[in-house]
1. In the range 327-358, what residues are part of a loop (DSSP other than H, G, I, E, B) and hydrophobic (A, V, I, L, M, F, W, C)?
2. Would you call residue 174 modelled with pLDDT under 80 and either assigned to a loop (DSSP other than H, G, I, E, B) or in contact with a Ser or Thr (Cβ under 7 Å, 6 or more places away or on another chain) (or both)?
3. Take the residues in the range 276-327 that are of a type outside the set (A, V, I, L, M, F, W, C), open to solvent by less than 50 Å² (accessible area, probe 1.4 Å) and closer than 30 Å to residue 365 by Cα, then tell me which one is nearest to the chain's Cα centre (by Cα).
4. If you take the residues of the range 347-366 that are open to solvent by 70 Å² or more (accessible area, probe 1.4 Å) and over 17 Å from residue 303 (Cα atoms), which of them is modelled with the lowest pLDDT?
5. So which of 19, 42, 15, 65 is over 17 Å from the mean Cα position of the chain (by Cα) and touching a residue at least 60 places away in the same chain (Cβ under 8 Å)?
6. Considering only residues that are without any contact (Cβ under 8 Å) to a residue 12 or more places away in the chain and under 19 Å from residue 71 (Cβ atoms), which ones fall in the range 123-139?
7. Which ones in the range 266-294 are of a type outside the set (Asp, Glu) and more than 18 Å from residue 310 (Cα to Cα)?
8. Condition first: more than 30 Å from residue 238 (Cα to Cα) and part of a loop (DSSP other than H, G, I, E, B). Can you find one or more residues in the range 254-261 that meet it?
Amino acid sequence: MHIQLSFFDLSVLIGITTGIVCSIILLKKSTLKKSNKFLALGILAFVWLNTKMLLLSLNLWEIHGFGYFPNSVELAIPPLFYFYFLSIKNVDFKFRKKDWLHFVPFLISQSYSIIMYIAAMQTRIFSEKRKITNAMYFNEAKNIDEYLLLIMSFCYLYLVGIELKSFNKNFSKVNISQNSERKFLNTLFALLSTVSILHIINLSLNSVLDSSFNWRWDLHHSLIAIIVYYMAINGFKNIDVILTLKNTKKNNNIDLTIIQQLNKAITSDKVFLDPKLTLNSLAKKLEINDTILSCTINAYYKKNFRSLINEARVEEVKKRLLNGELNNLSLLGIAKECGFNSEASFYRIFKSETQITPKKFISNNIEFSSSI
């Protein structure tokens, strides 16, 4: 059998390939960022949906094994992207058992498609396949799916629109990469809205236009291919970006496991003694993404990484001074052993943390010891 690829087929295949590769990478990174899992599944759903169009475009529908292949994934796409937006807005989002209810239409439709495929596989003659599937109301079921998809699309787009409006209002433009993901979310919402509107237009025109105007469905699926490519590339680009919101309430989004690792690194391992310690090097040591580590420190300790490390260094200096190490080392020598790079930065940070100079601290403690 000779298969000739058109520009449309090629664009869809490129989108499918890109989507599959990036989805695999996103799924591997889902432990780092939960929203990656929903984005990966959403991309794969679009990829799966595009295979349906390729079966028709490449004239594979009437070939045994290809025709009636179970592909009713479109009903899973609206809830998948709803949960994707929720998991972006709340990094501590958890998928609950009752959330599976959102996927009941997809599970019913896909189960019906599998039954239909098994029934059609009983014969190799396409005309007989058609008789079997017609007797099982295949076309009527697919029409129901089309209209149910439209209803679900606009309902979930409405829910996402509410979440997105709140998200944009409370978004804190911390850095360029986070702002890039915020723009990605807004653009994705616009693209999904566009493809839904185009879908309803095409369905409405089906009763008016004949098959010579089927190119409009090619346009529809080309847009889907573009969306797949756009989601894959931007999802990969923002794979490690964790978004933060203004006015975060208490510690709802804090991973206490990270806090335990961080406390151990500071109190037991004393990583702050290294004067070259950076957020990135500490993140690598803890095997945590540096953006997540930074956000966790900000949320839990209400201070940045540098302030946290400097506080630990000052406490170590105070401890050593009280233990009498000044008899063996100079004040600057102790400061450098505790991770300070220079005398000037040590004096400035020490006074900022204790409200007194190092010499005043020493004097006060000598006077206190003498009075005992």
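The values are calculated or read from the model by the stated rules, or taken from the named source; none is laboratory data. Because the structure is a prediction, the values reported are computed rather than measured. Ideal geometry is used to build each Cβ from the backbone, glycine not excepted, and the neighbour counts take in all protein chains shown. Note: accessible area is taken over every heavy atom of the protein model, side chains too, but ligands, DNA and RNA are not part of it. Shrake-Rupley method; radii C 1.70, N 1.55, O 1.52, S 1.80 Å.
1. Answer for the range 327-358, where residues must be part of a loop (DSSP other than H, G, I, E, B) and hydrophobic (A, V, I, L, M, F, W, C): 329, 338, 340, 356.
2. Criteria met by residue 174.
3. Only one residue fits best here, namely 307.
4. Result: 366.
5. When all the criteria are applied, what remains is 15.
6. Listed by number, the residues that qualify are 130, 134, 137, 139.
7. Across the range 266-294, the qualifying residues are 284, 285, 286, 288, 289, 291, 292.
8. For the range 254-261, residues more than 30 Å from residue 238 (Cα to Cα) and part of a loop (DSSP other than H, G, I, E, B): absent.
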